[in-house]
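A.B. asks: A single structure is presented below for examination.
The values are calculated or read from the model by the stated rules, or taken from the named source; none is laboratory data. This is a predicted model, so every value here is computed, not measured. So basically every Cβ, Gly included, is an ideal-geometry build from the backbone, and we count neighbours across all protein chains shown.
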Amino acid sequence: MNDLVFEPYAAEQRWQMPAPLPGQAWQELLAEYLAALARACAGAGPCVIGHLKALALFPGGGYLRASAVSAHHPPTLDGRAPDGLQALDLTLNLLVYGLPHTALERIATEEAAKLAARRGGQVDTHTAAHHHPPGEHPHAGE
Amino acid sequence: MHLLLVTGFLGSGKTTLILALAQAARAAGRRVAILVNEIGEVGIDNQLMRQLELDVWELTSGCICCTLSADLVSTLHKLDATYGSDLVIVEPSGAADPANLQRALPYYRGRPLESIRWATVVDPLRLPMLLEVLTPLITAGIAQADVLIISKADLATPEELARAREAIRAINPRAPLHCASLRAGLEPTLVAELVP
């Protein structure tokens with residue numbers, strides 16, 4: 001791990017679809033997104049995926065949480081999305097050893113755009129402020 | 001006030017364990033506070049815990065993976081003075097060295113802690129790889145545990161579970177070792193070991 005940087009990436013995303021979707025479709029979409037993220041991270045260079053996680057909260061205490069820890073195991077989902085949502089607000093955290101923040105930002109944005117476009121939708125991604133300049137995170141070299 | 005520290009690498013299942021424990025403790029009439037030290041610029045675990053109406057404090061001053069220790073002690077003092085918890089559950093970041101917590105606890109000067117328990121969650125799917133690339137971090141977490149939990153028992157093969165048991169026992173032969181599918185709920189024996 002001596003040469004792997006660790007630069008956590010976080011974002012808020014709004015997934016917008018052309019028509020309302022059943023909850024199950026949102027769940028499948030989120031699982032597909034996390035799996036695509038894991039594959040893209042693994043394909044982007046030598047890295048160790050720590051945790052890829054996403055959370056959507058719904059009124060009344062509902063939630064949908066997705067989690068992936070490698071490209072070789074399917075993501076896990078907890079909770080459920082309600083039926084009939086046309087848009088989904090997601091918080092995303094990518095904790096990966098070995099990939100710079102810029103690479104994670106590109107992966108998160110591109111994979112979301114690809115998946116949404118296949119369904120005629122789109123995703124707005126707002127990257128959270130990044131406090132550690134590339135290569136200067138205290139965990140670099142751990 | 002009892003203190004339970006739940007450690008384990010990123011994605012091992014700490015949050016899932018804590019959610020289940022907190023809900024079990026609350027159902028038993030305990031007042032539970034959860035301190036979350038989440039790495040990353042936007043916390044996800046604390047949002048989920050609040051959505052589930054659990055009482056959560058976020059440890060977030062500066063770079064949380066490095067300044068956790070001071071934040072932990074000051075937050076424990078605040079809880080002691082204002083909240084009256086029966087149980088405080090601490091979830092350090094899965095990337096942080098648990099030794100920082102051990103060094104910090106002696107600086108706590110509030111109501112005496114009735115117990116301090118360390119539970120370490122281990123992901124059997126990735127343990128061999130993690131032991132290879134993050135040896136000190138993973139080994140330290142297992143070695144210091146009072147209770148060990150192999151998570152994701154529903155996702156791992158019998159061979160992966162056996163390998164995980166063997167590797168864990170080589171590092172920590174004394175702590176009780178549980179094997180669980182945390183998403184499916186907790187065995188009462190595990191709850192009893194972790195919630196006084």
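A.B. asks: Using the structure shown, decide if residue A:63 is outside any loop (DSSP other than H, G, I, E, B), hydroxyl-bearing (Ser, Thr, Tyr) and more than 11 Å from chain B (Cβ to nearest Cβ).
C.D. replies: no
A.B. asks: Does segment A:114-122 contain any residue that is aliphatic (A, V, I, L, M), exposed (fewer than 14 other Cβ atoms within 10 Å of the Cβ) and either in a helix (DSSP H, G or I) or out of contact with any strand residue (DSSP E or B) (no Cβ under 8 Å at 6 or more places or on another chain) (or both)?
C.D. replies: yes
A.B. asks: Working only within segment B:28-48, note down all residues that are in a loop (DSSP other than H, G, I, E, B) and either without any contact (Cβ under 8 Å) to a residue 12 or more places away in the chain or within 7 Å of another protein chain (Cβ to nearest Cβ) (or both).
C.D. replies: Across segment B:28-48, the qualifying residues are B:29, B:39, B:40, B:41, B:42, B:44.
A.B. asks: For segment B:133-151: of the residues being of a type outside the set (A, V, I, L, M) and assigned to a loop (DSSP other than H, G, I, E, B), which is nearest to the other protein chains (Cβ to nearest Cβ)?
C.D. replies: B:151
A.B. asks: Something else: What's the number of the condition residue B:120 fails, among (1) away from chain A (no Cβ under 14 Å); (2) more than 16 Å from residue B:5 (Cα to Cα)?
C.D. replies: (2)
A.B. asks: Among the residues of segment A:72-99, which ones are buried (at least 18 other Cβ atoms within 10 Å of the Cβ) and more than 9 Å from every other protein chain (Cβ to nearest Cβ)?
C.D. replies: Scanning segment A:72-99 gives A:75, A:77, A:81, A:85, A:88, A:90, A:96, A:98, A:99.
A.B. asks: I've got another one for you. Just to be sure before I move on: is residue B:189 part of a helix (DSSP H, G or I), closer than 23 Å to residue B:37 by Cα and under 19 Å from the mean Cα position of the chain (by Cα) in the structure I sent?
C.D. replies: Spelling it out, it is not the case that residue B:189 is part of a helix (DSSP H, G or I), closer than 23 Å to residue B:37 by Cα and under 19 Å from the mean Cα position of the chain (by Cα).
A.B. asks: Tally the residues that are aliphatic (A, V, I, L, M), within 11 Å of another protein chain (Cβ to nearest Cβ) and in a loop (DSSP other than H, G, I, E, B), restricting the search to segment A:34-60.
C.D. replies: So the answer is 0.
A.B. asks: Quick test of your reading of the structure: residue A:134 fulfils all but one of (1) at pLDDT 95 or above; (2) more than 20 Å from residue B:48 (Cα to Cα); (3) exposed (fewer than 14 other Cβ atoms within 10 Å of the Cβ). Name the failing condition by number.
C.D. replies: Here residue A:134 clears every test but (1).
A.B. asks: Any idea which of (1) under 24 Å from residue B:26 (Cα atoms); (2) in contact (Cβ under 8 Å) with a residue 40 or more places away in the chain; (3) aliphatic (A, V, I, L, M); (4) surrounded by 21 or more Cβ atoms within 10 Å (Cβ to Cβ) is the one residue B:191 doesn't satisfy?
C.D. replies: Single failed check for residue B:191: (4).
A.B. asks: Residues being within 17 Å of the chain's Cα centre (by Cα), of a type in the set (A, V, I, L, M), under 28 Å from residue A:47 (Cβ atoms) and surrounded by 20 or more Cβ atoms within 10 Å (Cβ to Cβ): count how many of those fall in segment B:97-126.
C.D. replies: Total satisfying the criteria: 3.
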